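Take a look at the structure set out below.
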Amino acid sequence: MAYYIRDHFPPGPVLGPRRPSINEFFLSSYTMSIYAGCEFGCPYCDGWVYHTRPLNEMVRVPLDIPHRLAEELTTVSRGDLVGITALSDPYQPIEQTYRITRQILQLFADAGQPCLVLTKGTGVLEDLPLLQRINERSLAIVMMTILTLTPPIAERLEGKSPSPASRLETLATLKRAGIPVGVALIPVLPYVNDTNNVLSGLLQACYDIGVDFVVWDFLDIPDRGHFNRISEMLARIGSYPPDYYRDLYGTQTLPNATYRTRCNTDLVYRCDLVTLAARIPHKVYAGKLLPPNEAALLLKHYAFYDMAQGRKHMAKLHRELADLVYQGRATPDQLAVSPLWPMLKGILGW
């Protein structure tokens, strides 16, 4: 168990600055982290890099964060989604005591502020009425991180978190209650959860419970300390020589482009086989966000599919247009070169 410290949020805004480019995974223009530190302490999490002490040793409770956020929300557009997605889990065990996440969701419900919650904590079900209120007024999405359904591997990867099976059950309950739900395969761990058996079983389970989408991203290894932590984690899972990851990563923080392209293409194909969306579908957020946000997300999501299917020029074009339209600098002539122009024109009211 971690030490809990009642504290105040550091000086400065509670929300991060409005993103210069909208987040295609989480639909977010703003990101926030509620607790500092995370009792789950999953060894692959790059949150370890931002703490001088072990990530799971101490959790700070920002008692003043609801009051400060209430003031900041007066300056935030109701068409900008806030992602509770950063560096610590909003439903780690400490939430049972302090209910800071619940207070945040209450503010969102009162204001009609769209949000997305990324968690591994099944305690999110206790706030279902608030999520329903938010979703009725704007948009509330719950995404749960699930890396594998294989119990021995899950135990070694994230043994302090609720089991993957319980997370799937939580998503199924939320889905039946009308909340859009998705699974975050984040991170993809080379040679661990990118295998045929792991991916087939996970995606089929997602389809079986009716999740709306799956997203994924790759293991980030930002420094030598994290590389050593990952090596120790791999040693607990199986016989993984360190040079496996050296060959894939070299001096980069992410696996090489060849691996990422191959994995993206394979996962898109697998999602198509079981009719799962590989990004949050447009129908989930259509009409729920600012028109430039909606148009930018549509462009970014198509750019992802373009790249996975080898259309590199079109992917580059769509990403550039996404940033232009999100920043309010796109012109009709610029957007008209995209095959998405008829949809974009309708979204933007042009």
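In the list Val274, Val268, Val337, which residue meets the criterion of being over 26 Å from Asn196 (Cβ atoms) and not acidic (Asp, Glu)?
Checking each option against the conditions leaves just Val337.
Restricting the search to the stretch 217-245, which residues are at pLDDT 85 or above and in a loop (DSSP other than H, G, I, E, B)?
Leu219, Asp220, Ile221, Pro222, Asp223
Out of (1) within 30 Å of Pro292 (Cα to Cα); (2) crowded, with 22+ Cβ neighbours inside 10 Å, the odd one out for Cys38 is which?
With (1) within 30 Å of Pro292 (Cα to Cα); (2) crowded, with 22+ Cβ neighbours inside 10 Å applied to Cys38, the lone miss is (1).
Have a look at Gly182, Gly178 and point out the one that is closer than 22 Å to Gly123 by Cα, buried (at least 22 other Cβ atoms within 10 Å of the Cβ) and in contact (Cβ under 8 Å) with a residue 24 or more places away in the chain. I'd like the intermediate steps shown before the answer.
On the way: Gly178 fails: buried (at least 22 other Cβ atoms within 10 Å of the Cβ).
Among Gly182, Gly178, only Gly182 is closer than 22 Å to Gly123 by Cα, buried (at least 22 other Cβ atoms within 10 Å of the Cβ) and in contact (Cβ under 8 Å) with a residue 24 or more places away in the chain.
Being within 23 Å of Gly182 (Cα to Cα) and among the small types (Gly, Ala, Ser) is the filter; apply it to the stretch 14-47 and report the residue that is modelled with the lowest pLDDT.
Gly47
Yes/no per residue for (1) under 15 Å from Leu267 (Cα atoms); (2) free of Cβ contacts under 8 Å to residues at least 12 places away in the same chain; (3) in a helix (DSSP H, G or I):
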| residue | (1), (2), (3) |
| --- | --- |
| Val284 | no, no, yes |
| Lys288 | no, no, no |
| Ala296 | no, no, yes |
| Met307 | yes, no, yes |
| His313 | no, yes, yes |
| His318 | no, no, yes |
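What helices (runs of 4 or more DSSP H) lie completely within the stretch 81-167 and have 3 or more residues being of a type in the set (Val, Ile, Thr), outside the structural domain of Asn193 (by TED's automatic domain parsing) and under 25 Å from Gly37 (Cβ atoms)? Spell out the reasoning first.
Details: elements: 95-98, 100-111, 128-137, 151-158.
Qualifying helices (runs of 4 or more DSSP H): none found.
Condition (residue is touching a residue at least 60 places away in the same chain (Cβ under 8 Å) and under 28 Å from Ser29 (Cα atoms)) applied to the stretch 128-140: is it met by at least one residue? I'd like the intermediate steps shown before the answer.
The first filter runs over the stretch 128-140 and keeps only residues touching a residue at least 60 places away in the same chain (Cβ under 8 Å), leaving 138-139.
If we keep only those that are under 28 Å from Ser29 (Cα atoms) as well, we get 138-139.
The answer is yes, given that some residue of the stretch 128-140 is touching a residue at least 60 places away in the same chain (Cβ under 8 Å) and under 28 Å from Ser29 (Cα atoms).
Would you mind stating whether Leu254 is assigned to a helix (DSSP H, G or I) and either assigned by TED's automatic domain parsing to the domain that holds Gly182 or at negative phi (or both)? If you could, list the steps in order and put the result at the bottom.
Values: assigned to a helix (DSSP H, G or I): no; either assigned by TED's automatic domain parsing to the domain that holds Gly182 or at negative phi (or both): yes.
Taking the combined requirement at face value, the residue does not satisfy it.
If you take the residues of the stretch 119-128 that are of a type in the set (A, V, I, L, M, F, W, C) and surrounded by fewer than 24 Cβ atoms within 10 Å (Cβ to Cβ), which of them is farthest from Thr145 (Cα to Cα)? Show your work before the answer.
The initial filter retains those residues of the stretch 119-128 that are of a type in the set (A, V, I, L, M, F, W, C), namely 124-125, 128.
So of that shortlist, the ones also surrounded by fewer than 24 Cβ atoms within 10 Å (Cβ to Cβ) come out as 125, 128.
Details: Leu125: 15, Leu128: 18 Å.
Within the stretch 119-128, the match that is farthest from Thr145 (Cα to Cα) is Leu128.
Can you go through Gly250, Gly210 and tell me which one is farther than 28 Å from Val142 by Cα, surrounded by fewer than 13 Cβ atoms within 10 Å (Cβ to Cβ) and either of a type outside the set (Phe, Trp, Tyr) or free of Cβ contacts under 8 Å to residues at least 12 places away in the same chain (or both)?
On the way: Gly210 fails: farther than 28 Å from Val142 by Cα.
Only one candidate qualifies: Gly250.
Is the stretch 285-303 home to any residue that is closer than 18 Å to Asp80 by Cα, in the same structural domain as Val215 (by TED's automatic domain parsing) and among the hydroxyl-bearing types (Ser, Thr, Tyr)?
yes
The values are calculated or read from the model by the stated rules, or taken from the named source; none is laboratory data. Since the model is a prediction, treat every value here as computed from it, not as a measurement. Ideal geometry is used to build each Cβ from the backbone, glycine not excepted, and the neighbour counts take in all protein chains shown.
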